[in-house]
Every structure is written in C-alpha cells, then in structure tokens.
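*Asks:* The structure under discussion is supplied below as structure tokens; questions concerning it will follow.
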Amino acid sequence: MFRIRAIHGNAFFLSHDRVEQVQHIFRETFPGLAEYADKLPSLLHHPTEHGFRSGLLVAEGALGRVDAFALVLYFSEVKSAFLDFVATRPGVRSRGIGGALYETVREYCSNLGARGLYLEVEPDEPELTRDPAALTENRQRIRFYERYGVRVVDGTQYHLPVGSPPSSALLLFDGLGRHEPLSRSEARQAVELILTRRFGHVADREYVRRVVSSFQDDPVRFRPVRLQRSLGRPAEVQAGKLSDAFAMVRPPRHEIHHVKERGYFEHPIRVQALCDSLDQTGLFAAVPLKPHGRAPLAAVHDAEFLEYLREVCGKIKEGRPVYPDTFPLRTPERRPKRLLVQAGYYCLDADTPLYRNAYIAARDAADAALTAAGEILAGRRLAYAVCRPPGHHAGRRFFGGFCYFNNAAIAAQHLSAQARTAILDIDFHHGNGTQDIFYDRDDVFTVSIHGHPDYAYPYFTGFADETGAGKGLGFNRNFPLPPRIENEAYLRIFDRSLDEIGRKKPEILVISLGFDTMKGDPTGNLLLRAEAFRTMGKRLARAGLPLLVVQEGGYSVRNIRRAGVAFFSGCAACA
C-alpha cells in the first residue's frame, strides 16, 4: 500500500526527509543531471526566483519511504503545467505506482487551475533515436501516456536538438479533461515560458524564437494515436488520488476520564460531537495515535510535577475524584506527606479534580498533539488534535482549568526543534500555562486572545503588559477583551494578532482552538457566532503556514458542532 501527497511551498523544509529521499532517487535515476537534485529545496521554497511554482508529489510506502516522485512546474500566467521529472526508486516493483502517480499529477494540476499539462518524452522515431533498446523504452512510455488521452504535438520544431551534448524530445499535451482544442496562441505562450524559465540555461533566445514560431497550426495539430486504442474523447481527471486531506488525531481512551460532578463541563461528549460533525465534511483523514513516551512531556513540565500526577492518580479509587481545597500562599519548601493533600501545591483552582484516569487520558491527549505535529513535519498542511482533556492552563509545574498537561506547548516544543514556531490561543480563557512555559524563551512566540482577567478565569494572568522576560522579552503577547464582544470587534483583534505573528516570521503556527468564545457557552461571556470561526479559518489559511490545531475549550455541544464545521471549512476554502 502507498499514499501520494504533495510537498510544496513552506512544507518542503518540514518534509526534509522526503525531499532527501527524492534527491537520492533522482541522482540514481538521472546521474547525468545529479546537480539538479541539489536545486529541489530552492525550487520548492522560492518560486518567484524561478518563475514558476514547483510541486513535488511523492508516493510513500511503509514507514514513510518514498517509492516514487513527480516534479511538476506550474506557470500561473498561462495556467499551464509542465511535468519535469518522474522516477521510481530503483528496485521497487510498480504495483500500479506509475499509473496512480500520473493520475495524481493530473488531479494536482487540475486543482491548481491548470488548463493543460505539458511533458517531454524522448523520441519514438528511429531517425531521432538510434538505439533499439531506447527506442523500445520510449515507445512504451508514450503508450503509457496515451492511455490517459495524452497526445504528441505534431508539426512543430520542438524536437530540435539542444544542449551539450544535444538531445531531442517530443512535446506531449494533456488537456486534463478539457473538450475545447488547444489554440496556437495558448500553446505558444506556454512553450515560451517552459523553454525560457525551465530550459533557459541551454535554450538561447534564437532557439526559443525558432521553436515557438514553428507552432503554425491553429488549433494545434496532434499526431495520430499509434500505440493505444484511441479514447475518442478527453480523459477526465479522477479526483481522490491526492492525499491532501487534513489529518485528525483523536485520543482513543479519552472517555475513561469522565468526571460526573455537577458543574464539571469537560465531558466526553465534546469529542464525540466534534468528530461526528467534522466527519460529515469529508475534510479529514483519520490518523492513529502514536505513543511518544515521557520525554516530550518532560521537555516542558517539571519532572517532579509529572511524577506526582502519575503517582497520585494511580492511587485514587475509581469514581472518587479528589478536589484540591488548600492552597499555599507562598511556594513552600516543605509539603505534607499525604499525596492527596499536596494537590493544592500543584493545582490552580478547586474545580479541577485529581481522578483515577486523568493521568492516562492526559498522556493520550499529549500523544494526540504530538502525533498531529508529526503529520505537520511530514508535510501535511493542517493537522487537528482533538485533545481531551485540554491543556493550555497547565504550566511547567501546575495543573488546573480542566487541564493536566499542556498539549499545545508539548507539540510546539517538539516542532520548534525543526522550525520557527508560534502559538495563537483563541480559547476564551487566557492560556496561562502556555505563557508560563515559554515566557522567558525566544524560540516560540505566544499570542493569546481571551476574556479580560478582570472578568475571566484564570484572573491573575493575561494582561496586555505581560510581554515576556529575559530572552523571551517581546515574545509573548496578550489581547484581553471586555465582555460581550461580537464578531466584528473580535476579528479586528484577530487580524492584529496575525500581524504580530507575521512580524516574527514563523514557519509553523500552532492554534489553541477554543469554542467557548461563542454566545451561550457556560464558561464565557463573549458573543461570537459561527461565521466568525469560518472567517478565522480563512484568514489562517491565507497566511500560508502549516497549521497544527489543538483542541482546548468549548462546552456547549451545539456551539462546538457549528463552530468546528465553520472553522475547518474556512481553512479548506482558502488552503
């Protein structure tokens, strides 16, 4: 089994392992052009420097091994694409990879808005290809493309030898299912861009002029099909080959953490409601949770705090939550010997209980965020961790606000080792735990939009003048809001937060997503409607950064269903 996905734009450096595999395949398959493999990162990351957008489609087998790739160039001015290279890892049996990869290339080009796909094949004519073995191979390759309605352009001088040593190629055209003929002017414009921008290092101005002017037929004439039975009609583009869905990771054991006390809003139905509503959108591919061990948690949380939660939760009786009731005014060096009494030393509030299964569920939630982060590092443009319990109130050595481990911070810490990372928290409540973890650091920029601490939990943090300390000065930003803010006012602040993030030039954006800013949430006092979430999704997608979305709050089931669909539909509309 294999899947095919696209790597382009800012995703290339997150997929450096895949790109390196492609470079290795390229050098083995095209040893005479090995230096071109070195250009792949530049092609993917700096499209304006080359005059076209590059997309790398990779067919992945087991454990992320790249078995085949296709490099596609898109010339937006003329809405035309060029298939630059296709190759399979030496020794890999086809298993249908070639056909699936080309079908995915067609879908990819169609999604870009291309009106046609051009490609080159070495000639299948004896006068241009003297080697019998090469001639047979070239005919097989053209036969393969003719299966998809691809036609050889006839009556031009595109085959004129060029380069050193000189080589010839036939130009093929795939109309991607279009029914109207290819006009002379459209073909001339596309061929001129292909020759000057892709092959300008070997094709001089006179060569380009001569080839372009040789397109005389209008519409362009194609060679009769020789090697396949004629389709008689354009081959339609088949959708669904490109694995470009958003990833969704849901912790499988979240339901074991179910506190049934009155006033405890963080219930298992939240995850079910979100997943049920989002499954109907068709936007997501489910990704199984992968355990990551204790080390990623220890990278952001105090080791003593982690051990306390593990030990105390293991000793609590099933169905008997323990709520902290005594809180030290200072940080004492001495603590009571009884584990349950120590709860107030580590907890923010009297509303977040220690519970038999809280530690297990919280570990799974952290693993969900880390699994989703892995999808981002593999090149996915959006991954959603449906974390439960939530996490943004958990700090280096404290828990509270229904949170035990800081899922977003754990994931951001993991991502920051690979790329510049920022966190945008749009939960109603201040992400005090996230702020605590990164407050004196300059490697993760943290922004929180939330209810003003004069009116909203956690009350003692989240003021606008909290901007970081030490190395982290200027790397923390808070936007506290007065009660009853509606869509328009909120979105103005949201845009300001995106401007702040843009100035830091992150390469990945982590979203702590809360739906408790909506009107009617039992824990919030803002008045957002679902349309605000759709707009936020669109604006985040337009920012062009890979998005890791980590679920935080939102406690009205009706609200989270509507807001979840609106938010991710907005992300998809502009992705």
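*Asks:* Starting from residues that are of a type in the set (Asp, Glu) and closer than 23 Å to residue 393 by Cβ, keep the ones in the range 496-534 and report whichever is surrounded by the fewest Cβ atoms within 10 Å (Cβ to Cβ).
*Replies:* First, pick out the residues of the range 496-534 that are of a type in the set (Asp, Glu): 499-500, 507, 516, 521, 531.
Now narrow it down to the ones that are closer than 23 Å to residue 393 by Cβ: 500, 516, 521.
Details: 500: 15, 516: 28, 521: 23.
Selected residue: 500.
*Asks:* Taking residue 186 as the residue in question, decide whether it is closer than 26 Å to residue 110 by Cβ and among the acidic types (Asp, Glu).
*Replies:* Working: closer than 26 Å to residue 110 by Cβ: yes; among the acidic types (Asp, Glu): yes.
For residue 186, the condition - closer than 26 Å to residue 110 by Cβ and among the acidic types (Asp, Glu) - is met.
*Asks:* To continue, here is another question. Scan 383, 419, 409, 368 and give me the residue that is part of a helix (DSSP H, G or I) and under 25 Å from residue 498 (Cβ atoms). Working first, answer last.
*Replies:* Numbers: 383 fails: part of a helix (DSSP H, G or I); 419 fails: part of a helix (DSSP H, G or I); 368 fails: under 25 Å from residue 498 (Cβ atoms).
Sole residue among the options that is part of a helix (DSSP H, G or I) and under 25 Å from residue 498 (Cβ atoms): 409.
*Asks:* Yes or no: residue 234 modelled with pLDDT under 90, touching a Lys or Arg at 6+ places or on another chain (Cβ under 8 Å) and not assigned by TED's automatic domain parsing to the domain that holds residue 373?
*Replies:* yes
*Asks:* Sticking with this one: When you scan the range 473-481, do you find a residue that is within 23 Å of residue 541 (Cβ to Cβ) and assigned to a strand (DSSP E or B), even just one?
*Replies:* Here is the first cut: in the range 473-481, the residues within 23 Å of residue 541 (Cβ to Cβ) are 477, 479.
So of that shortlist, the ones also assigned to a strand (DSSP E or B) come out as 477, 479.
Yes.
*Asks:* Would you please name the residue that is farthest from residue 559 (Cα to Cα), looking only at residues in the range 484-528 that are assigned to a loop (DSSP other than H, G, I, E, B) and under 26 Å from the mean Cα position of the chain (by Cα)? Even if it seems obvious, please write down each step before you answer.
*Replies:* Just the residues of the range 484-528 that are assigned to a loop (DSSP other than H, G, I, E, B), to begin with: 484-486, 505-507, 514-517, 519-527.
If we keep only those that are under 26 Å from the mean Cα position of the chain (by Cα) too, we end up with 505-507, 514-517.
Values: 505: 33, 506: 31, 507: 31, 514: 11, 515: 7, 516: 8, 517: 10 Å.
Going through the qualifying residues, I end up with 505.
*Asks:* So, one more: Looking only at the range 129-149, which residues are surrounded by 18 or more Cβ atoms within 10 Å (Cβ to Cβ) and outside any helix (DSSP H, G or I)?
*Replies:* 129, 148, 149
*Asks:* So, in the range 34-58, how many residues would count as being among the acidic types (Asp, Glu) and within 17 Å of residue 77 (Cα to Cα)?
*Replies:* So the first thing to find is which residues in the range 34-58 are among the acidic types (Asp, Glu), and the list is 35, 38, 49.
Then keep just the ones that are within 17 Å of residue 77 (Cα to Cα); that gives 49.
Residues that pass the stated criteria total 1.
*Asks:* If a residue counts only when it is modelled with pLDDT of 95 or more and either among the hydrophobic types (A, V, I, L, M, F, W, C) or crowded, with 18+ Cβ neighbours inside 10 Å (or both), which strands (runs of 3 or more DSSP E) contained entirely in the range 1-114 have at least 1 such residues? Break it down stepwise before answering.
*Replies:* On the way: elements: 3-8, 53-60, 66-75, 80-88.
The strands (runs of 3 or more DSSP E) meeting that bar are 66-75, 80-88.
*Asks:* Tell me which residues, restricted to the range 464-492, are of a type in the set (A, V, I, L, M, F, W, C) and either crowded, with 18+ Cβ neighbours inside 10 Å or not assigned by TED's automatic domain parsing to the domain that holds residue 443 (or both).
*Replies:* Filtering the range 464-492 for residues of a type in the set (A, V, I, L, M, F, W, C) gives 464, 469, 473, 475, 479, 481, 485, 489, 491.
Within the range 464-492, 475, 479, 481, 485 meet the criteria.
*Asks:* If I go through the range 261-314 residue by residue, how many of them are touching a Leu at 6+ places or on another chain (Cβ under 8 Å) and loosely packed, with under 14 Cβ neighbours inside 10 Å?
*Replies:* 2
*Asks:* Oh, and also: Within the range 391-406, count every residue that is on the phi > 0 side of the Ramachandran plot and either among the polar types (S, T, N, Q) or not in a strand (DSSP E or B) (or both).
*Replies:* Restricting attention to the range 391-406, the residues satisfying the condition of being on the phi > 0 side of the Ramachandran plot are 400-402.
Cutting the leftovers down to either among the polar types (S, T, N, Q) or not in a strand (DSSP E or B) (or both) gives us 401-402.
Going through the range 391-406 one residue at a time, the tally reaches 2.
*Asks:* Considering only residues that are assigned to a loop (DSSP other than H, G, I, E, B) and touching a residue at least 40 places away in the same chain (Cβ under 8 Å), look in the range 115-128 and name the one that is surrounded by the most Cβ atoms within 10 Å (Cβ to Cβ).
*Replies:* Filtering the range 115-128 down to residues assigned to a loop (DSSP other than H, G, I, E, B) leaves 115, 122-128.
Next, only the ones that are touching a residue at least 40 places away in the same chain (Cβ under 8 Å) stay: 115, 122-124, 128.
Numbers: 115: 17, 122: 18, 123: 19, 124: 22, 128: 16.
Among those residues, the one meeting the criterion is 124.
*Asks:* Here is a follow-up. Return the residues of the range 539-565 that are of a type outside the set (S, T, N, Q), over 21 Å from residue 364 (Cα atoms) and crowded, with 22+ Cβ neighbours inside 10 Å; say none if nothing qualifies. Spell out how you get there, then give the answer.
*Replies:* Start the filter on the range 539-565 by keeping residues that are of a type outside the set (S, T, N, Q), which leaves 539-550, 552-555, 557-558, 560-565.
Now restrict to residues that are over 21 Å from residue 364 (Cα atoms): 539-546, 557-558, 560-565.
Listed by number, the residues that qualify are 540, 545, 546, 560, 563, 564.
*Asks:* A further question follows. Run down 192, 206, 186 and say which single residue is out of contact with any Leu (no Cβ under 8 Å at 6 or more places or on another chain), at pLDDT 95 or above, outside any loop (DSSP other than H, G, I, E, B) and exposed (fewer than 13 other Cβ atoms within 10 Å of the Cβ).
*Replies:* Within the list 192, 206, 186, the selection yields 206.
*Asks:* What are the pairs with Cβ atoms under 8 angstrom where one residue, in the range 279-302, is within 17 Å of residue 361 (Cα to Cα) and the other, located anywhere, is among the basic types (Lys, Arg) and surrounded by 14 or more Cβ atoms within 10 Å (Cβ to Cβ)? Sequence gap at least six, or different chains.
*Replies:* Cβ pairs passing all conditions: 289/250; 297/363; 301/396; 301/397.
The values are calculated or read from the model by the stated rules, or taken from the named source; none is laboratory data. Since we're looking at a predicted model, the values are computed, not measured. So basically every Cβ, Gly included, is an ideal-geometry build from the backbone, and we count neighbours across all protein chains shown.
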